[in-house]
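The values are calculated or read from the model by the stated rules, or taken from the named source; none is laboratory data. Here the structure is a predicted model, which is why all the values come from computation and not from measurement. Note: ideal-geometry Cβ built from the backbone for every residue, glycine included; neighbour counts use all protein chains shown.
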Amino acid sequence: MPGRILKMHNCQARLLADIPEMSFTEFRDMSINQIQKGARVVSFFGCLDENKSIRLMMILAYDKQGYLTAFSTIVKDAYDSLTLQIPQVNRFEREIFEQWGVCPKGHPWLKPIRPQQTLNNNLDNFPGKENIPLVSDFFKIKGEEIHEVAVGPVHAGIIEPGHFRFQCHGEEVFHLEISLGYQHRGIEKALINGPDKRTIHYMETAAGDTTIGHALAYCQAIEGLADCAVPLRASALRAVMLELERLANHTGDLGALANDVGYLPTAAYCGRLRGDFLNLTAFICGNRFGRNMLRPGGVRFDLTDSMINEAKQRLIKTFEDVSNAVSLLWDSSLVADRFDDTGSLSQKTALDLGLVGISARACGIEQDIRFDFPTGIFKFSQIPISTHSSGDVFARAFVRWLEIQRSVKFILDQLNKLPEGEIMAAVPLLKPKNIAVSLVEGWRGEICHVVITDINGNIRQYKIVDPSFHNWLGLAIALRGEEISDFPICNKSFSLSYCGHDL
Amino acid sequence: MYLKIAQFILILILSPFLFGVINRTKAFFAGRKGSPLLQLYYDIFKLLRKGAVYSTTTSKFFIAGPIVSLSAVLTALLLIPFAGQPALISFDGDIVLFIYLLGLARFFTVLAALDTGSSFEGMGASREVQFAMFVEPALFLSLAVLTRITGQSSLSGIFSNARMSSWVTYDPLIILVLGALFIVFLAENSRIPVDDPNTHLELTMIHEVMVLDHGGVDFAYIMYSAGIKFWLFGTLLVGIFLKGYSCGQVTASVVFILGMILLAVIVGIVESTLARLRLLKVPHFLIVALALAIVALIISMR
C-alpha cells in the first residue's frame with residue numbers, strides 16, 4: 001500500500017488520474033495509518049467524477065518531510081464516519097454531508113455548518129437542506145443549576161455574525177457550541193467554470209482581513225496548474241505584502257487583547273499602529289487591505305527606489321512604536337494574570353483537532369507553511385518558526401509578538417535586496433484534468449486552496465479551507481472549564497474569521 | 001437653609017461633569033483627544049428626549065428599577081454634606097439610612113435586571129450582588145470607624161467635626177479608612193479594576209449588563225444616578241481628605257470641588273494604567289477593603 005501514496009509538492013500540478021482511487025476500507029485504513037504516522041488533514045472534500053459518482057478526496061500534509069499526499073474513494077450516499085478515529089475531519093465530514101448529501105454514518109455531531117445549496121445538482125432533496133443555523137438543536141446539559149447563555153449572531157461590537165451557545169454552571173463554562181454560517185456567500189460554487197474576471201475578487205474577499213493570503217493561495221494554484229514561473233521580484237513583493245498583512249493583524253489583535261482586559265495604553269496605541277501598517281500596504285498598492293496587488297503571474301504594482309526607502313523608514317518607525325506599546329503589555333502584572341493559564345489547550349488536543357497557524361504554534365507545535373512548504377521567495381529567505389509551549393492566551397499573544405519581530409526583519413531584508421526585473425509574467429492556459437494544492441501561511445494560519453480542472457482547463461472544482469475552519473473547534477474546547485467572562489479574550493486570542501469559515 | 005438648597009442644586013448640576021474629567025484623563029493617556037467634558041450632559045439630554053421600548057416579558061419592576069434607584073440616590077444625596085457644611089437633612093444615625101438607601105438602589109437595579117429574563121442580565125445581577133456582599137460591610141465598618149473617631153453618628157456630624165482634622169492623632173486610622181473607601185468607591189462606581197464601564201463585551205460586564213435593556217428616559221435616569229453615586233462616594237473620600245483645611249466657606253467650596261475633580265483625574269489614571277481583574281479574583285480585591293476597615297475598627301476600639 002505505501003507504494004500507492006502520491007507525493008505532491010505545494011502548488012505542484014498533478015494529473016487527476018494519478019490520484020489513487022481505493023475502496024472505502026482501504027481509504028479509511030490509509031487515512032488512520034497516515035495520521036498516526038504524523039500526517040495532518042489539510043483538506044477532505046467531495047467532488048463529482050465524470051461518471052457522476054461522488055469521490056471523497058483526502059489531502060494530507062507531512063510537515064516535517066515537506067510534502068503532501070492525496071488519495072480518494074468513491075462513495076454512494078453514506079459511508080462510515082472517520083471522525084471518531086480522526087477528530088480533525090469532524091467539520092469536513094459535516095461539510096461533505098451538506099454539500100453532497102453523503103452521510104457519514106456514526107458521526108458524533110452531524111449537523112450542517114452553513115446554510116447552503118448543494119453542489120450536487122443530481123440531488124433534489126439532500127438531508128441538510130432544511131437545516132439552517134439556529135433551527136437545529138444545540139448540545140444541552142440538563143440540571144437545575146445549569147444555565148444557558150446565547151450570544152449573537154448580533155453582537156454589541158462591530159464584529160461578524162456568529163452564534164455562541166454556552167452551557168454554564170455559575171461562571172464556569174461546561175460546554176460551548178459555536179454555530180456559524182451567517183456569511184455564506186457560495187464562493188466555491190461561484191468559482192466553478194472559472195477562472196474569469198470575477199475570480200480574483202472572490203478570492204480577495206473570501207476573508208477580508210486575509211486578502212493577500214487568499215489571493216496568494218489562488219495565484220499560486222493557478223500558476224502551478226499553468227506551469228507559469230513568477231518573476232523573482234514579484235515573488236519578493238508578494239512575500240512583503242503577506243508579511244505586512246501579518247504585521248497589521250497581529251498588532252491589531254494584541255491591541256484588541258489589551259482592550260478586552262481593559263488595559264488602555266496598549267489597546268489605544270496598537271489600534272493606531274495597525275492603521276500604520278495598513279497604510280503602508282496602501283502606500284505600495286493603493287489599498288489598505290492589499291486588494292488588486294496580486295494577480296496570477298505576478299503583482300500589479302512595483303516599488304521605485306525612493307518608495308523602498310520610504311517604506312523602510314515607515315516600517316522601522318512603526319515597529320519602534322509597536323515595540324513600546326507591546327512591551328507595556330508584558331510588563332503589567334495584572335495583564336499577565338489575565339493571560340496566563342486562560343484558555344489553555346494541550347499539545348495533544350491541538351494535534352487531535354488539527355489546529356493550524358498561531359493557535360497550533362502557541363501549543364508548541366512547529367508548523368509553518370513558510371518554513372515547511374516554502375513557495376516563491378520563501379524558498380530562499382526563510383523565517384524561523386515562532387512557537388511557545390503553554391497553549392494559553394499568553395502563548396497566542398506572545399507568538400504574535402515573536403512573529404511581528406521576525407516579519408519586520410524579513411521585510412527589511414527583502415526590501416534591501418529586492419531582485420531586479422519584471423513583476424508580471426504571462427499565464428498560459430491551465431492544464432486540463434489536473435489538480436493542484438496550494439498552501440499559504442496566512443497571518444491566521446494555513447490557507448489551503450485545492451483546484452481541479454476539467455477537460456477544457458477550466459475550474460471544475462475549487463475547495464477553500466481557511467485556517468478558521470480548523471480552529472473554531474479549538475476555541476470551543478479551550479473554553480471548557482474557563483470562566484465565561486474570559487470568553488472574549490480567548491476568542492480574541494484565536495481571532496478567527498467568520499466569513500473565511502462560511503465562504 | 002437657602003445656602004444648603006443652593007449647594008444641593010449645585011451638586012445636582014455638577015455631578016455628571018466628573019465623568020467628562022475621567023474620560024478626558026483616559027483620552028490623554030491613550031493619546032487621543034477625547035470626548036467633550038460635557039458629554040454625559042449631552043447624552044442625558046438626548047436620552048430624555050427619546051421614548052423607551054419595553055420588552056413584553058418585563059413587568060412593572062423593570063420600569064420601577066431606574067426610578068427607584070434614582071430616587072434612592074437622590075435621597076442619599078440629601079444626607080451628604082458639602083465642603084464641611086452640614087447637609088439638608090441630618091440626624092443621629094443617618095449613616096445607616098445612607099447605606100440602606102444605596103442598598104435599595106442596588107436592589108431595584110438587580111430586580112429590574114432579573115425581570116428581563118435575559119441570561120446576560122441574570123449573570124450581571126448575580127455578580128453585582130456577590131460583590132455587594134463584600135463592599136457593603138466594608139463601607140459600613142469604614143463609617144463606623146469614622147463614628148468612633150468623631151463620636152458623631154450622622155454624616156454631617158462626622159464631616160464637620162473638628163477631631164477629624166487631627167491627622168496627627170488619627171493618622172493611621174484615617175489612612176486605613178481612606179484605603180478601604182477608595183476600593184469601595186471603585187467597586188460601587190463600576191470602575192477598573194473591578195468592572196470596565198467602556199467594554200462592549202456583554203459576557204464580562206457587571207453593572208453595564210444589568211441595564212442593557214433599558215433605553216430612553218429610563219437609561220437617562222440610570223446614567224444620572226451613576227453621576228450622583230460617583231459624587232456620593234467621592235464626597236466621603238474628599239471630605240475626609242480635605243478636613244485638615246479650615247478656611248472661609250467660598251474657599252472651602254472651591255477647594256472641595258477641585259478635590260472632586262482631582263479624584264476624577266485619579267480614577268482616570270487608575271483606569272489608564274491598570275487592567276481589569278479576572279472576575280473570580282475581584283472578591284480578593286474587595287476583601288482588602290473589608291480587611292482595612294476591620295483593622296481600622298479594631299485600632300479605633302482600643
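Annotations
- Qualifying residue in segment B:165-172 (condition: outside any loop (DSSP other than H, G, I, E, B) and under 21 Å from B:M260 (Cα atoms)): yes
- Close contacts from segment A:180-200, counting a first residue that is in a loop (DSSP other than H, G, I, E, B) and a second that is aromatic (F, W, Y) and modelled with pLDDT of 85 or more, with Cβ to Cβ under 8 Å and a gap of 6+ residues or different chains, come to A:L180/A:W472; A:L180/A:Y498; A:Y182/A:Y498; A:Q183/A:Y498; A:L191/A:Y202; A:L191/A:Y462; A:I192/A:Y462; A:G194/A:Y462.
- Selection over segment A:477-498 of residues that are touching a helix residue (DSSP H, G or I) at 6+ places or on another chain (Cβ under 6 Å) and among the basic types (K, R) gives a count of 1.
- Per-region count, segment A:1-40, residues among the basic types (K, R), surrounded by 14 or more Cβ atoms within 10 Å (Cβ to Cβ) and more than 26 Å from A:A226 (Cα to Cα): 2
- A:G262 satisfies every condition listed in (1) in contact (Cβ under 8 Å) with a residue 24 or more places away in the chain; (2) part of a loop (DSSP other than H, G, I, E, B); (3) not basic (K, R) except (1).
- Test: residue in segment A:379-393 that is under 19 Å from the mean Cα position of the chain (by Cα), among the small types (G, A, S) and not assigned by TED's automatic domain parsing to the domain that holds A:G66: yes
- Cβ-Cβ under 7 Å pairs, at least 6 apart or on other chains, segment A:144-159 side more than 7 Å from chain B (Cβ to nearest Cβ), far side of a type outside the set (F, W, Y) and assigned to a loop (DSSP other than H, G, I, E, B): A:G152/A:P161; A:G152/A:G162; A:P153/A:P161; A:P153/A:G162; A:V154/A:P161
- Positions within segment B:238-280 being basic (K, R) and either more than 14 Å from every other protein chain (Cβ to nearest Cβ) or surrounded by fewer than 23 Cβ atoms within 10 Å (Cβ to Cβ) (or both), in sequence order: B:K243, B:R278
This table checks each residue for (1) surrounded by fewer than 20 Cβ atoms within 10 Å (Cβ to Cβ); (2) under 16 Å from A:E446 (Cβ atoms).
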{"site": "A:V42", "(1), (2)": "no, yes"}
{"site": "A:K52", "(1), (2)": "yes, no"}
{"site": "A:L60", "(1), (2)": "no, yes"}
{"site": "A:L68", "(1), (2)": "no, yes"}
{"site": "A:S81", "(1), (2)": "no, no"}
{"site": "A:P87", "(1), (2)": "yes, no"}
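- Total residues in segment A:354-375 satisfying the condition of being part of a helix (DSSP H, G or I), out of contact with any strand residue (DSSP E or B) (no Cβ under 7 Å at 6 or more places or on another chain) and surrounded by 24 or more Cβ atoms within 10 Å (Cβ to Cβ): the figure is 4.
- Helices (runs of 4 or more DSSP H) completely within segment B:189-302 that count 3 or more residues being touching an Asp or Glu at 6+ places or on another chain (Cβ under 7 Å) and modelled with pLDDT of 90 or more: B:216-242
- Restricting segment A:321-341 to residues that are surrounded by fewer than 22 Cβ atoms within 10 Å (Cβ to Cβ) and within 29 Å of the chain's Cα centre (by Cα) leaves a set whose member that is farthest from the other protein chains (Cβ to nearest Cβ) is A:S323.
- Residue match in segment A:280-287 (condition: within 30 Å of B:N23 (Cβ to Cβ) and touching an Asp or Glu at 6+ places or on another chain (Cβ under 8 Å)): no
- Selection status of B:T235, hydroxyl-bearing (S, T, Y) and either within 14 Å of another protein chain (Cβ to nearest Cβ) or over 20 Å from the mean Cα position of the chain (by Cα) (or both): no
- A:A282 being closer than 15 Å to B:A30 by Cβ and of a type outside the set (K, R): no
- Residue satisfying all of: in segment B:138-153; more than 15 Å from the chain's Cα centre (by Cα) and part of a helix (DSSP H, G or I); surrounded by the most Cβ atoms within 10 Å (Cβ to Cβ) among these: B:L146
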